[in-house]
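The values are calculated or read from the model by the stated rules, or taken from the named source; none is laboratory data. Because the structure is a prediction, the values reported are computed rather than measured. Note that each Cβ is placed from the backbone with ideal geometry, even for glycine, and that neighbours are counted across all protein chains shown. For the accessible areas, the whole protein counts, side chains as well, though only heavy atoms, and no ligand, DNA or RNA atoms are used. Shrake-Rupley method; radii C 1.70, N 1.55, O 1.52, S 1.80 Å.
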Amino acid sequence: MSDAALQTALALYLGHLLADYVFQTDAMVAYKKDAKVIGTHIGIVALCSLATLGGSLLVVLIISVLHLLIDLAKIHLVRGGFGSYTVDQIAHLLSILFVASTFPLAFETGIWGQLPDFIWPWVAATCGIFLTTFAGYYGVDLALNKPHRPHRSGQLVGITERLAILVLGLEGWLIAAPVLLIIKLTANNNRLRDATTGKITNFVRGSLVSFSWGIGATLVTLYFRNNL
């Protein structure tokens with residue numbers, strides 16, 4: 001992709017993350033089958049996309065319609081859970097890349113089009129923070145399922161470790177992420193298997209999902225940062 005297309009994609013992706021994780025409440029997620037609720041969500045997607053893109057109403061309309069179609073498919077065609085959540089987020093990212101490839105100058109011709117180049121690594125890092133914290137939080141939550149959600153302390157640890165992975169990646173040390181996982185599991189060796197059943201605990205499952213998500217989110221962040 002050209003630099004212009006990548007700028008458009010990153011701007012749209014920031015808008016998507018804001019709409020899905022900052023301005024979408026748990027109640028909206030729970031009642032998304034309601035036409036008013038999903039309509040409100042898509043309206044927020046459009047406003048966030050317009051704000052981050054800086055114009056290009058046609059592109060905003062297309063990305064909003066695609067977002068709606070992906071969400072409807074998730075609601076009516078796919079069972080809930082970690083798998084559908086991950087596929088949903090990948091589908092949104094791919095739709096954004098497709099639209100940006102089709103309308104590469106959408107950002108450049110908008111009101112933010114003359115942003116200095118040094119801004120873009122920070123925009124990419126901001127997207128990475130949203131991905132590792134908000135998106136990763138819901139991903140791990142879904143992977144463990146009710147009633148096995150991690151305690152609040154575990155959630156904070158998960159957010160911290162995913163942010164640590166992001167920082168390692170931005171500093172060129174993503175290869176060290178598995179070392180953090182090994183250290184965590186070794187330090188908590190008494191929590192690896194259930195004392196009664198001998199099965200792997202949710203602590204291990206949550207850690208594996210959290211680290212995997214952190215690495216994936218960091219790779220997405222690095223793709224944008226290293227190519228702009």
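Some observations on this one:
- For the range 76-127, the candidate set comprises residues that are under 23 Å from Leu61 (Cα atoms) and among the charged types (D, E, K, R); within that set, the residue that is most open to solvent (accessible area, probe 1.4 Å) is Glu108.
- When the range 1-59 is limited to residues that are within 15 Å of the chain's Cα centre (by Cα) and not in a helix (DSSP H, G or I), the one that is nearest to Leu105 (Cα to Cα) turns out to be Phe23.
- In the set Ile129, Ile165, Ile215, only one residue is over 28 Å from Arg79 (Cα atoms) and either part of a helix (DSSP H, G or I) or under 20 Å from the mean Cα position of the chain (by Cα) (or both); that residue is Ile165.
- Ala46 vs. criteria closer than 21 Å to Leu142 by Cα and either surrounded by fewer than 15 Cβ atoms within 10 Å (Cβ to Cβ) or without any contact (Cβ under 8 Å) to a residue 40 or more places away in the chain (or both): no
- Scanning the range 184-209 for residues that are among the small types (Gly, Ala, Ser) and open to solvent by 100 Å² or more (accessible area, probe 1.4 Å) turns up just one, Ala195.
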